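Please read the structure below before turning to the comments.
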Amino acid sequence: MAHGMEDSTEVFGDINLTLGMLNKEDHVSKEDIYSHLTSVIQNTDILDEAIVQRLIYYASKDMRDENIPREIRMLAGEVLVSLAAHDFNSVMYEVQSNFRILELPNEFVVLSLAELATSYVSQSIPFMMMTLLTMQTMLRLAEDENMRGTFCIALEKFSKAIYKYVNHWRDFPYPRLDANRLSDKIFMLFRYIMEKWAPLASPMHTLHIIKAHGPTVSLLLHREDICDYALNQVPWLLSQYKDKEIDFHVTQSLKQILTATVLYDIGLPRSLRKSIFIHLLQQICRVPEAPVKENEIEASTCFLILAHSNPADLLEFFDEQIRNNKEATRTGILTLLKSIINAEEPRLRDHITSIERTVQLVMADLSIKVRNSTLLLIQTMCEKCYIEAREGWPLINYVFSQFAMSNRNLEKLMKTNSHEGEKREKSVQETSLEVLKTLDPLVIGMPEVLWPRILTFVVPAEYTETLDHLFSIVRILVMAEERKKQSAKESTALVISTGSVKLPSPQQLLARLLVISMLASLGQLRGAGAIGLLKILPEMIHPKLVDLWKTRLPELLQPLEGKNTSIVLWETMLLQLLKESLWKISDTAWTIQLSRDFTQQMGSYNNTSIEKKFLWKALGTTLASCQDTNFVSSQIKEFLFAPHQLGDQRQGITSVLGHCAENHLDIVLKVLKTFQNQEKFFMNRCKSIFSGKKSLIKTDIMMIYGAVALHAPKQQLLARLDQDIISQVLLLYGQCSQILGVSVMNKDMDLQMSFTRSITEIGIAVQDAEDPNFQFSYKETLMGYMLDFIRDEPLDSLASPVRWKALIAIRYLSKLKPKLSLTDNLNILEENIRRLLPLPPLGSLKNDGRTDKDKEHIKFLYERSMDALGKLLRTMIWDSVKAEDCQEMFNLLRMWLVSQKEWERERAFQITAKVLTNDIEAPDDFKIGSLLGLLAPHCCDTLPTIRQAAASSVIGLLCMKGIHLEMERLQGLQEGLESDDVQVQIKISSKIAKIISKFIPSEEIQMFLEETLDGLESLNPACATACGIWMIAALKEQGVALEDQLLEILSTIYRHMPVLRQKEESFQFVLEAISQIASFHMEAVVVNLLQKPLPFDRDTKTLWKALAENPASSGKLMRALVNKLGTGLEDDVAGIDAISVACAIQEVVSWGTLVTRLYPELFTLLLKLVSCTLGQKMPTSVSHRRRVMQQGERQQIPDPCRLSTATLKCLQAQAMREGLAKESDEGDNLWTLLSSPGTHHIGVCALARSMAVWQHGVILDIMEQLLSSLTSSSEYYRITGTAFFSELMKEPILWKHGNLRDVLSLMDQSAWDSNAILRQMAIRGLGNTASGAPHKVKKHKQIILESVIRGLYHLARTEVVCESLKALKKILELLTDRDVSFYFKEIVLQTRTFFEDEQDDVRLTAIFLFEDMASLTGRRWKIFFAEEIKKSLISFLLHLWDPNPKIGAACRDVLIICIPFLGLQELYGVLDHLLDNDLPRARDFYRQFCVKLAKKNQEILWILHTHSFTFFTSSWEMIRSAAVKLTDAIVLNLTSQYVELLDREQLTTRLQELRQDPCISVQRAAEAALQTLLRRCKDISITV
């Protein structure tokens, strides 16, 4: 409801907006506004009253405004009328206020009143009297023709409104008004208009008066007092029939008047009625111009009204008018009669006879239109039961006669090429058939009219096309009579007197119906109708047939139910019915008469028609059933000497004599022999030429012999075959092949065809005899003739059917005994294949034809020849009992199945489909695998015919083996192969492959795969793709059973790979095939691939990756490879097998195979492999392949360790992607370190650091598997394991979950090993234990400290020393002074020895360790440590400017820590300068330091001096410079007492030497120090 209110509000808003726009003077916009308003008002149920009033105001104003265009004023009037639906009184008031007495109104005011009267009759009637009175005062004022027309329009609509009220006043909601007063006013207005305006009216004004005339007169007719006046106005109306533009309106007004006369039961005067008849008929039958359709319809309606009021007069008028020979009049009247009868006017039934006689008047008219109209009228009369028994038959006869006449006329017109005439005659023909189609024979009176005279149309040939409907009529009549017989004791006899009509004889009926029944096999209705009539008319044919046909005909009809049956089968069944019927009748005279009737009906059918061919056979069958041998013999002789009476003499005589031989073989052969002896063909032919008669020739006789053999009783045939039939045929052929007595190869096609057909029929006859002992002695001779015929046919055209017919003959001959050898069969088949398959494409062959008919004939020959070749192959292949022979013969097609010419492939596949389909019985051991691989991929070939044939062949192969397939699904998929979309084809082929592959015998899979691989190499892209799909499908379905064939299959695949690599898409299928095999037999495939030589070539690498790509088998692949690798490394020695496995793993993992589950084991094995291959060289016997080296290329000798490292690198990359490891801090340098024996341990440590320790489960598995490395017999592997564990020892989580206690013990042992690297890694592990397990360090501190301190004495390898220093630093951080007390002095002393080590790392670590020792002095070692500090102070001060900034920072820190031990806290201020971002200059720092130190402790200053000399020769420039600068500061701050103690000579000498130092800084510092020395000595008066 809320939604409705919203809509109303929106409408009101829209209208208000529109009203505001009406104030504007824009006329264009007003037109759109009023159009829009009309739509809104008419589609809105409720309008606001204020809006309605405003709209009335604007619409009325604009409607009356003369300055506004007329179109807008009309639209404004429409709006005003529309508003009456919302407020009628206001609208009427507005209009009436502008419609005033004695004032000429605006025309649109009048039009609005008129429109209101018709649109709102009920509301307008109360205002009508006032309106009419006012209008009466205005007529005299209207001088303008336009205004007069407006008043006529108003009169028309006012009359209609009042007419409605007069006839329906009870439906109005108020008391009855005096209608006479209203009609009085109408009468006065109408009379004024007719008297004053009508005589002088213009055509346009007259049209307005005509429109008003009908409604006005209709209204006035209800008044008796003015009825005559009203009727007297009708002639004026009729007189207006002048112009077709206004004729319709005249007829419309006349219809209104006639309707009123019927309504008020007013009789028209006779003269007026006839005038109306004439005028109306002229409207319908107007010539030469065709009547306007609307006017014709109105006029026809007027006649219907007149027929209702006075049918007798109307029919009398029609009878009078139809007697003149005007075509238009007759056609019009016939059409009117048809319409009137259709209207089912009851009063018209009293005049049926008159109508029939009227129709008979025009039956002789030859006009097409009249004939059509007559037929249509008869059709309507039949439908509406307007047929009487006495006069009805001529009408029915007329329908058939018109059909026959049209047929005759059409034959004449076709000769003259009159297309228009043909079209008209065909229309009559079609109308006749339509009449018969709709004819209901059971309507009242119709049975008496039709029966039995309707039977006269059954036999004549001219009525053949009507038989569909004729048979239906007869069937309905007979069945209705049967029903009457069953329901009544006495039948209402159908048969009445036929008069002069001659009915057909029973034999004529049987002959006709039997021949027409043949059409049932083609699905034609008349054929089914004929056989249906035979079923219900046995008594009429012969009483003895009732029982026989009662049982046999239903059986005969079964094959026809719902479908067409085979023509041959149906023909055989009808001929059998004829035989049984004649046998049942057993009346020789009756049979003789039937044969004569068959002969008489020969002319009724075309020679090429199916009916004529059956008629010959039926005649022959009738003669065969005839017991009068003399009659039979005479008839045969008559046909032989006068064959033209049969139509086509060759086919006719051949069929008749052939079927006659079924029971009269001796008579037929005897007559033929006599005929041959009596006739001299050459002379007779000459006689026939002169006499104009056709006679039989030798080729005809050859064919007759073939037909006789085909139909002769088989046992009689074999006894007489050689002497009386074949010898005669060969004799005749030999005579035809002689010229002047010399035998030549006659290429007469008719002779060859006749000879071939005769031989074929003889072959069929012998085969049908089924005598296993009969040896056909002429077999090879006749096959030789046939092959010669085929060889002589051209290879570039296909114009004759000789090839086709010869193939058929060979097929039947091949089945006869004696059997041919395999070689003979192969030669025959190969010869035939080579003569057909290489023919040009069908399109090119058809181009040889000149006409379309020629082209169709070539196409027909092509299809038949290919079919014959297919059947020949099928027969000869499967007649063999040996599978090898079958295979050998089938192989003849192979080269054609893969031909590059698609038309040759198409033929080969169509033939193959014929060979392999339809219930084949092949030898049990026939192999189908190879054929499946050859045929199946062509389901995606370029032509749909090839695709369909390939699919059929594949299905046929499996059905041949007795395999039950999903046939409905396969057939549906096969239909989809018609699509031209390659993707659709491939998809369907894949589905077919999935269904069929499971049924391929497993022992034949290798042959199947061999074929598909060949296809991948040689076929087009789509077929190659299909090869791959079928190969994969077969492997998926049969993979489990391939174990015994695996090596051969893999070898086959490898053999094809070099070629297939050039075809990327095909190569992918090969890879997928390997993967598929591996999914079932992974171990075997892996072993096979690992036998490939190293380094793997491109194909081998690709195969490994292909196996990895298969997610279903990649896990099994990795497991197999890991197992292989583990086996290869069992003795900690890496052989070539292990390296091959590693290379394979690299290819698999590099594709992205997930390694999570196998990672610990695989990582350990690969690390072991790297360790075991360190320093090894690849065995020289690894690869036996040779390859051509490019210019400048050096032979690359594979490095086993590099190959192993590459695999480990690949594994780690994948592990990082899976979150099992992290990026190494060494980056890619890690792998270089790892593969070098000298840096291997560094790489292992870096590798260990890259492990994701948060994946502690993975690390623990690795640790568990790597634990054995610590005790391995391989030194390299021990180093590897020790290095790896040394890094893991610092991880607390691993100590918590892992068994590192044993590792710690082994580490301690290795710390004493003779191998320096092993010792280094072990010490590192001990040191890292401090981070991973502090409690273990505290627990085993003594053992650990001894092992580590021991490393400090390994002076030959600084790496061990450095590692020991680092380990000590880590360990000491966990211990107390008491824990270390025993080792304190040793550690400090050993540590000091490394302050000046060349290795930065050693120096730095030693300084750090010394700093840490400060916290472990305790009371016991405090003084000792202070003394060691004094000795070390010079190193710390000088190394503040060490080349390594880290060492400088460490020295600063150690100075800060150690100064308190010397009681020199005052030096902190100087040391603080070292913490600044910018270090102070060395000279300035040393001077400040020495100033402070001199004041506090001259002794320490002196110690520094005594130790400084050793640094003057340091290898580092910065240290030498610092030492000189420190000496300068010391000399400057020594007291005089200590200056005197200086070894001034030595110092001077040293400084003099340093002045020559390569470093400028050292030189300057030495000069400055020397000057300081001189100055101090001078100050104290000491000589230098």
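The values are calculated or read from the model by the stated rules, or taken from the named source; none is laboratory data. Everything quoted here is computed from the prediction, not taken from an experiment. As a convention, Cβ positions derive from the backbone with ideal geometry for all residues, glycine included, and neighbour counts pool all protein chains shown. The area values use the complete protein model at the heavy-atom level, side chains included, leaving out ligands, DNA and RNA. Shrake-Rupley method; radii C 1.70, N 1.55, O 1.52, S 1.80 Å.
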Residue satisfying condition, being modelled with pLDDT of 80 or more and open to solvent by 40 Å² or more (accessible area, probe 1.4 Å), within set 496, 476: 476
All positions within the stretch 1547-1573 that are of a type in the set (S, T, N, Q) and either open to solvent by 30 Å² or more (accessible area, probe 1.4 Å) or under 60 Å from the mean Cα position of the chain (by Cα) (or both): 1549, 1552, 1556, 1561, 1563, 1571
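The rows are residues; the columns are (1) surrounded by fewer than 18 Cβ atoms within 10 Å (Cβ to Cβ); (2) in contact (Cβ under 8 Å) with a residue 40 or more places away in the chain; (3) under 17 Å from residue 331 (Cα atoms); (4) not aliphatic (A, V, I, L, M).
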| residue | (1), (2), (3), (4) |
| --- | --- |
| 392 | no, yes, no, yes |
| 400 | no, yes, no, yes |
| 442 | yes, no, no, no |
| 447 | no, yes, no, yes |
| 456 | yes, yes, no, yes |
Filtered residue count, the stretch 626-645, keeping only those that are farther than 21 Å from residue 677 by Cα, in a loop (DSSP other than H, G, I, E, B) and open to solvent by 20 Å² or more (accessible area, probe 1.4 Å): 2
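Is it the case that residue 1349 is in a helix (DSSP H, G or I) and surrounded by fewer than 16 Cβ atoms within 10 Å (Cβ to Cβ)?
On the way: in a helix (DSSP H, G or I): yes; surrounded by fewer than 16 Cβ atoms within 10 Å (Cβ to Cβ): no.
No; evaluated as a whole, the condition is false for this residue.
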Odd one out for residue 218 among (1) open to solvent by 10 Å² or more (accessible area, probe 1.4 Å); (2) at pLDDT below 85; (3) of a type outside the set (Phe, Trp, Tyr): (1)
The stretch 857-883 residues that are in contact (Cβ under 8 Å) with a residue 12 or more places away in the chain and open to solvent by less than 20 Å² (accessible area, probe 1.4 Å), paired with ones that are aromatic (Phe, Trp, Tyr) and not in a loop (DSSP other than H, G, I, E, B) (beta carbon under 7 Å, 6 or more apart): 861/804; 865/804; 868/804; 877/890
Residues satisfying the stated conditions in the stretch 1288-1315, i.e. crowded, with 18+ Cβ neighbours inside 10 Å and in a helix (DSSP H, G or I): 1288, 1294, 1295, 1300, 1303, 1304, 1306, 1307, 1308, 1310
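Condition check: in a loop (DSSP other than H, G, I, E, B), within 25 Å of residue 945 (Cα to Cα) and among the small types (Gly, Ala, Ser). Does residue 989 satisfy that? Spell out the reasoning first.
Details: in a loop (DSSP other than H, G, I, E, B): no; within 25 Å of residue 945 (Cα to Cα): yes; among the small types (Gly, Ala, Ser): yes.
So residue 989 fails the test.
Residues 1073, 1134: which one is in a helix (DSSP H, G or I) and open to solvent by less than 70 Å² (accessible area, probe 1.4 Å)? Reasoning before the result, please.
Working: 1134 fails: in a helix (DSSP H, G or I).
Just one listed residue meets the conditions, 1073.
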Qualifying residue in the stretch 861-879 (condition: in a loop (DSSP other than H, G, I, E, B) and either at pLDDT below 90 or not small (Gly, Ala, Ser) (or both)): yes
Failed item in (1) open to solvent by 10 Å² or more (accessible area, probe 1.4 Å); (2) farther than 23 Å from residue 508 by Cα; (3) among the β-branched types (Val, Ile, Thr), with residue 435 passing the rest: (1)
When residues of the stretch 1316-1338 are limited to those that are open to solvent by less than 30 Å² (accessible area, probe 1.4 Å) and over 16 Å from residue 1245 (Cβ atoms), the one nearest to the chain's Cα centre (by Cα): 1333
Search result, residues across the stretch 791-816 that are touching a residue at least 24 places away in the same chain (Cβ under 8 Å) and outside any helix (DSSP H, G or I): 792, 793, 795, 796, 797, 798, 799, 800, 801, 815, 816
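Taking the condition under 23 Å from residue 1037 (Cα atoms), open to solvent by less than 50 Å² (accessible area, probe 1.4 Å) and either among the hydrophobic types (A, V, I, L, M, F, W, C) or modelled with pLDDT of 90 or more (or both), does residue 949 pass? Steps first, answer last, please.
Details: under 23 Å from residue 1037 (Cα atoms): no; open to solvent by less than 50 Å² (accessible area, probe 1.4 Å): yes; either among the hydrophobic types (A, V, I, L, M, F, W, C) or modelled with pLDDT of 90 or more (or both): yes.
Judged against the criteria, residue 949 is not a match.
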Hits in the stretch 1363-1404 (condition: within 22 Å of residue 1333 (Cα to Cα) and open to solvent by less than 10 Å² (accessible area, probe 1.4 Å)): 1364, 1365, 1367, 1368, 1371, 1372, 1380
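What do you reckon, is residue 240 out of contact with any helix residue (DSSP H, G or I) (no Cβ under 8 Å at 6 or more places or on another chain) and surrounded by 14 or more Cβ atoms within 10 Å (Cβ to Cβ)? Break it down stepwise before answering.
Working: out of contact with any helix residue (DSSP H, G or I) (no Cβ under 8 Å at 6 or more places or on another chain): no; surrounded by 14 or more Cβ atoms within 10 Å (Cβ to Cβ): yes.
Taking the combined requirement at face value, the residue does not satisfy it.
Going through 146, 180 one at a time, which residue ends up being open to solvent by 30 Å² or more (accessible area, probe 1.4 Å), under 22 Å from residue 229 (Cβ atoms) and of a type in the set (S, T, N, Q)?
Working: 146 fails: under 22 Å from residue 229 (Cβ atoms).
Of 146, 180, the one residue that is open to solvent by 30 Å² or more (accessible area, probe 1.4 Å), under 22 Å from residue 229 (Cβ atoms) and of a type in the set (S, T, N, Q) is 180.
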Pair list, Cβ under 8 Å, 6 or more apart: the stretch 54-68 residue closer than 14 Å to residue 33 by Cβ, other residue surrounded by fewer than 15 Cβ atoms within 10 Å (Cβ to Cβ): 68/27
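Can we say residue 1365 is free of Cβ contacts under 8 Å to residues at least 40 places away in the same chain and assigned to a helix (DSSP H, G or I)? Show your work before the answer.
Numbers: free of Cβ contacts under 8 Å to residues at least 40 places away in the same chain: no; assigned to a helix (DSSP H, G or I): yes.
Taking the combined requirement at face value, the residue does not satisfy it.
Hey, any hits in the stretch 1507-1528 for a residue that's over 22 Å from residue 1557 (Cβ atoms) and not in a helix (DSSP H, G or I)? Can you show your working first?
Going through the stretch 1507-1528, the residues over 22 Å from residue 1557 (Cβ atoms) turn out to be none.
No, the stretch 1507-1528 contains no residue that is over 22 Å from residue 1557 (Cβ atoms) and not in a helix (DSSP H, G or I).
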Residue match in the stretch 547-558 (condition: polar (S, T, N, Q) and in contact (Cβ under 8 Å) with a residue 12 or more places away in the chain): no
The stretch 81-106, subset among the polar types (S, T, N, Q) and more than 18 Å from residue 49 (Cβ to Cβ), residue nearest to the chain's Cα centre (by Cα): 106
Top-ranked residue in the stretch 957-986 [being assigned to a helix (DSSP H, G or I) and acidic (Asp, Glu); ranked as farthest from residue 1058 (Cα to Cα)]: 968
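Just for the stretch 604-625: of the residues that are part of a helix (DSSP H, G or I) and open to solvent by 30 Å² or more (accessible area, probe 1.4 Å), which one is nearest to residue 650 (Cα to Cα)? So that I can check it myself, show each step before the final result.
Initially, the stretch 604-625 is screened for residues part of a helix (DSSP H, G or I), giving 604, 610-625.
If we keep only those that are open to solvent by 30 Å² or more (accessible area, probe 1.4 Å) as well, we get 604, 610, 613, 617.
On the way: 604: 18, 610: 16, 613: 11, 617: 13 Å.
Among those residues, the one meeting the criterion is 613.
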Among (1) within 21 Å of residue 362 (Cβ to Cβ); (2) buried (at least 20 other Cβ atoms within 10 Å of the Cβ) - the single one residue 321 does not satisfy: (2)
